[in-house]
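This report concerns only the one structure given below.
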Amino acid sequence: MAGQQRVAVLGLGGMGRAMAGNILRAGLPTVVWNRSPDPARQLGEQGAEVADSPADAVRRADVVVTMVTDADAVVSIATDRGMLAAMPDGAIWAQMSTIGVAATEDLARLVAGQRPGVVLVDAPVAGSRGPAAQRKLVVLASGPDEIRDRVAPVFDAVGQRTVWVGPTGAGSRVKLANNLLLAFINEGIAESLALGRALGLDRAAVLGAMQGSPLVSSWAAEKLERIGRDDYSPQYTLSLALKDVNLALREVDVDRFPVAGSLATEWQRAVDRGLGAEDLTVVTRALEENLGA
Ligand SMILES: NC(=O)c1ccc[n+]([C@@H]2O[C@H](COP(=O)([O-])OP(=O)(O)OC[C@H]3O[C@@H](n4cnc5c(N)ncnc54)[C@H](OP(=O)(O)O)[C@@H]3O)[C@@H](O)[C@H]2O)c1
């Protein structure tokens, strides 16, 4: 194993678990940690080293991947649970959770102030649980040019493509733009199907007419197929999708983005009705059944 990057993956939810599995299968020595122990234990059975704490996981790591829910979780791992202090000098921290612009800039200041020997790479991903499992993510990477080669084996292990988009923070900006498009496509599907229902049409008839349409991307086609089966099991939860729209709106004058603003209000109502843990396509059901979305 000499000469290979030693990788620590912190956060083994729907995305992190699949990514850690692919890093392991790529032959990189991999240490894993998760707040609740079961996902780490499962990866341990596949050959990963299981750490008891973030600090233990990163002590000898060349590259540390964080993949958790939001900025609070990232900061809690990095500071309260000792990750940042325990990282070796020269190690790379690939922060791959979607946490937005302000929090990424806060992290950059934290690293510069407390651990200037650590290199922060802001690298959220496009693609959901399915693409994560199939190693088809797109890594939206940003950070110093000189570490690209060192982090490439890890990004190549989790994704089909890495796009370097600029200095640290640019990756998070691109990610928010990407996810706003995704939110609108999801909302377009939901409103279109709900309109069909309101016009007295059978949902299957509307779905059938959309099949093969140039308006329907491969992402949308897969979502429509799942909606057709009333399958709202989470690929990308409504709560996470709403988090990302709100992260975008936080950075801009909301009056300039009124449609995104009302989409966020509508989705918040659906989350308040208990639909946040379902796939974001559950907005379709909420609108069709007038569940308050
Ligand atoms: N799902 C997607 O389609 C998708 C696509 C691209 C990007 N993302 C982004 O990737 C990130 C992870 O998404 P996911 O789908 O993997 O989410 P998920 O399945 O809900 O997993 C969340 C992970 O975060 C951990 N976590 C939450 N709060 C924590 C805390 N305070 N301290 C330590 N660990 C904590 C959870 O640990 P426990 O297991 O202990 O709860 C779990 O490992 C999010 O930022 C999301 O926006 C998701």
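The values are calculated or read from the model by the stated rules, or taken from the named source; none is laboratory data. Quick caveat, the model's predicted, so the values are computed rather than measured. Counting neighbours? That spans all protein chains shown, and the Cβs are built from the backbone with ideal geometry, glycine included.
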Does D106 qualify as being in contact with a Pro (Cβ under 9 Å, 6 or more places away or on another chain) and either assigned by TED's automatic domain parsing to the domain that holds R250 or away from the ligand (no atom under 15 Å from the Cβ) (or both)? no
Does the stretch 58-86 hold any residues that are hydrophobic (A, V, I, L, M, F, W, C) and farther than 18 Å from G117 by Cβ, and which are they? V65, M67, V68, A71, A73, V74, V75, I77
Could you run through the stretch 64-103 and say how many residues are near the ligand (Cβ under 8 Å from one of its atoms), surrounded by fewer than 22 Cβ atoms within 10 Å (Cβ to Cβ) and in a loop (DSSP other than H, G, I, E, B)? 3
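Okay, residues lined up against (1) surrounded by fewer than 23 Cβ atoms within 10 Å (Cβ to Cβ); (2) within 13 Å of the ligand (Cβ to nearest atom):
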site	(1), (2)
V119	yes, no
P131	yes, yes
P144	yes, no
V151	no, no
V154	no, no
P167	yes, no
S172	no, yes
List every residue pair whose Cβ atoms lie under 7 Å apart, where the two residues are 6 or more positions apart in sequence or sit on different chains, the first residue falls within the stretch 97-109 and is closer than 17 Å to M67 by Cα, and the second residue, located anywhere, is among the acidic types (D, E) and away from the ligand (no atom under 11 Å from the Cβ). V101/E251; T104/D122
Cross-chain or 6+ apart pairs with Cβ under 7 Å, the stretch 4-22 first and within 14 Å of K136 (Cα to Cα), then away from the ligand (no atom under 14 Å from the Cβ) and among the hydroxyl-bearing types (S, T, Y): A20/T30
If you go through T98, T104, the only one that is in contact with a strand residue (DSSP E or B) (Cβ under 6 Å, 6 or more places away or on another chain) and under 15 Å from V121 (Cα atoms) is T104
Go through the stretch 141-259 and tell me which helices (runs of 4 or more DSSP H), entirely inside it, have 3 or more residues that are among the aliphatic types (A, V, I, L, M) and outside the structural domain of D72 (by TED's automatic domain parsing). 170-198, 203-210, 218-228, 238-250
Could you tell me whether any residue of the stretch 234-248 is under 15 Å from R129 (Cβ atoms), under 24 Å from the mean Cα position of the chain (by Cα) and away from the ligand (no atom under 14 Å from the Cβ)? no
Within the set of pairs 6 or more residues apart or between chains, which connect a residue that is modelled with pLDDT of 95 or more inside the stretch 176-191 to a residue that is among the hydroxyl-bearing types (S, T, Y) and assigned to a helix (DSSP H, G or I) with Cβ atoms less than 8 Å apart? I189/T284; A190/T284
So in the stretch 31-50, with the set limited to residues that are among the small types (G, A, S) and within 12 Å of G11 (Cα to Cα), which one is nearest to the ligand (Cβ to nearest atom)? S36
Of L28, L12, L24, which residue is touching a strand residue (DSSP E or B) at 6+ places or on another chain (Cβ under 8 Å), assigned to a loop (DSSP other than H, G, I, E, B), more than 15 Å from the ligand (Cβ to nearest atom) and at pLDDT 95 or above? L28
